[in-house]
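Structure first, then comments.
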Amino acid sequence: MDYCQFLLCTQTNYTLTYFAEHKDGVSHDAINRYLAKDKLTPALVWEHVKRDIDQSEEGYLIFDDVVLDKRDSASIEITKWQYSGNEGRVIKGIGVVTCVYYQPKVKRFWAIDYRIYSPEEDGKSKLKHVYDMLQNAIFSKNLFFKMVLMDTWYATDFLMKEIDRLGKIFYCAIKSNRLASPVNQKYEYKQVKEFEWSKEEQKTGIRIHFRRWPQYKHLQLFRIEVSSNRTDYVVTNDLAQLDANAAQKEYGIRFLIEQLHRELKQTTGIDQCECRKGRIQRNHVASAFLVWIKLKQIAYQTSQTVYQLKEGLLKNYLIEQLRNPHIHMNFA
C-alpha cells in the first residue's frame, strides 16, 4: 500500500530512488528487496473491482494490448521487441494484454483483468491470453455480457469461432487483405478490399463467408470510412445488424480500452519503472492497476476525471505556496 500510495501521489517521477527519498525510514535497497520477493498477480484487479461493477446482460468485454516502452532500458528481464500500435512500429517493451468490462446503461467501464506477455516464461501468445481471460470472465468471474470487441490483431478464426460458440456477439476489424466471399457469389474468395459495394450495401453491409469456416456460418461485413485515407472493415456475427452506422458505433466502444491505457500511463506511471528484475516490473504493473482502480472509483463517486483527481493533489500545495512561499520571487 505504501508503494501504491507513492504511485498515486507522485506527479512525474516514479522511480524507487525518488520514493526512498520521500519515505521516512525506508531505503532504496529495502524497497527493491520487497518488490523483488513479493508476488502481486492480476487476480488483485478483480478482487478490488468486483463489488463496484454494475453488471448487465447487455454488457461488453473489450480486449486489447499496450506496450510499455522500454527502448532506453537495455537489460529489463521481460522486455521484448513487439509491435506498438501507439508508436506504429516495433519497439522494445513490456506487452500487457488487458480486459475491460463496459456497462452501456450507466456508461461506465472497469479494468477486470490483464496479462503480461512473456512467451519465454509461460509459452502463451497474446491471443491465448485473450482466450484465457474470456474463459475466466465467463466461467470464473461469472460476468454477464453480450458483446465482445477486439481490434484487428485478435480477429482470428480461432477466437471469432470461440466467441460465437459461447453465444456471444463480436465486432472486430479485419485486415483489408483478408480472404472472404460474398455469399451471393458462390464462394469466390478474394480480398475484402477488392469487394464492389453498391450504395445500398454501404448502408447495410455484405453477407460474407470466410474460408475454412462451416459452410452454413455467415457473417456481416461493413465498410467504414474512418477518414479520407483510412477505411476499416468491421465484421460481426450479429446477422440482424444491417446498419453500417450502428455497427460503427458498436465497434467504436472499443476505444474505451485505449482510454484506460492512456490514463494508466499518465496517472500511474505504469511504464516508468526502471528496475531490471522481471518480478519487480510485474509488481509495478499490478500496483499501477490498483492505483488506477482507486482513482476511477473516486472519479465515478465525485463526477470527476482521474486527471482532475491526480492534478488536484497539487491544489493545496499551490494555495499554500502562494500564501506563504518557501522561495520568494523578489530581487531585493
Tell me which residues, restricted to region 97-140, are farther than 26 Å from R279 by Cα and either free of Cβ contacts under 8 Å to residues at least 24 places away in the same chain or not in a strand (DSSP E or B) (or both).
P104, K105, V106, K107, I138, F139
Inspect region 45-58 for any residue being buried (at least 16 other Cβ atoms within 10 Å of the Cβ), assigned to a strand (DSSP E or B) and of a type in the set (A, V, I, L, M, F, W, C) and give the result as yes or no.
no
C172 vs (1) of a type outside the set (V, I, T); (2) modelled with pLDDT of 95 or more; (3) farther than 22 Å from R230 by Cα: all pass except (3)
Checking D113, D69 in turn, the sole residue that is in contact with a Pro (Cβ under 7 Å, 6 or more places away or on another chain) and either surrounded by 17 or more Cβ atoms within 10 Å (Cβ to Cβ) or on the phi > 0 side of the Ramachandran plot (or both) turns out to be D113
Region 212-233 residues that are closer than 19 Å to S181 by Cβ, paired with ones that are in a loop (DSSP other than H, G, I, E, B) and not small (G, A, S) (beta carbon under 6 Å, 6 or more apart)
L219/N237; Q220/L239; Q220/Q241; R223/W197
Give the residue, chosen from K315, K296, that is among the basic types (K, R) and modelled with pLDDT of 95 or more.
K296
From T12, T98, T41, T17, residue being surrounded by fewer than 17 Cβ atoms within 10 Å (Cβ to Cβ) and in contact with a His (Cβ under 8 Å, 6 or more places away or on another chain):
T17
Does region 287-298 contain at least one residue that is surrounded by fewer than 19 Cβ atoms within 10 Å (Cβ to Cβ) and either free of Cβ contacts under 8 Å to residues at least 60 places away in the same chain or assigned to a strand (DSSP E or B) (or both)?
yes
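In region 191-232, what residues are among the acidic types (D, E) and either within 14 Å of A173 (Cβ to Cβ) or surrounded by 11 or more Cβ atoms within 10 Å (Cβ to Cβ) (or both)?
We begin by selecting, within region 191-232, every residue among the acidic types (D, E); these are 194, 196, 200-201, 225, 232.
Listed by number, the residues that qualify are E201, E225, D232.
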Check off (1) touching a residue at least 60 places away in the same chain (Cβ under 8 Å); (2) aliphatic (A, V, I, L, M); (3) not in a loop (DSSP other than H, G, I, E, B) for L40 and give me the number that stays unchecked.
(3)
Cβ contacts < 8 Å: first residue closer than 13 Å to I257 by Cβ, restricted to region 142-162; second residue modelled with pLDDT under 95 and part of a loop (DSSP other than H, G, I, E, B), any location; separation 6+ or different chain. Result?
D151/G85
Residue in region 82-92 that is in contact with a strand residue (DSSP E or B) (Cβ under 6 Å, 6 or more places away or on another chain) and without any contact (Cβ under 8 Å) to a residue 12 or more places away in the chain present:
yes
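Pick out, from region 159-247, the strands (runs of 3 or more DSSP E) lying fully within it that include 1 or more residues that are within 25 Å of G59 (Cβ to Cβ) and of a type outside the set (F, W, Y). Show your work before the answer.
On the way: elements: 169-174, 179-182, 206-210, 219-227, 230-236.
Counting at least 1 such residues, we get 169-174, 219-227, 230-236.
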Let me spell it out: the conditions are (1) free of Cβ contacts under 8 Å to residues at least 60 places away in the same chain; (2) part of a loop (DSSP other than H, G, I, E, B); (3) acidic (D, E), and E21 meets all of them except one. Which number is the exception?
(2)
Can you tell me how many residues in region 56-74 are closer than 22 Å to V97 by Cα, in contact (Cβ under 8 Å) with a residue 24 or more places away in the chain and not hydrophobic (A, V, I, L, M, F, W, C)?
7
Go through (1) among the β-branched types (V, I, T); (2) in contact with a Cys (Cβ under 7 Å, 6 or more places away or on another chain); (3) not in a helix (DSSP H, G or I) and name the single condition I327 misses.
(2)
For region 250-272, what are the residues that are on the phi < 0 side of the Ramachandran plot, assigned to a loop (DSSP other than H, G, I, E, B) and not polar (S, T, N, Q)?
I270, D271
Among the numbered criteria (1) within 22 Å of P42 (Cβ to Cβ); (2) part of a helix (DSSP H, G or I), which one does C275 miss?
(2)
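The values are calculated or read from the model by the stated rules, or taken from the named source; none is laboratory data. Since this is a predicted model, take the numbers as computed values, not measurements. Glycine gets a Cβ as well: all are built from the backbone with ideal geometry, and neighbour counts include every protein chain shown.
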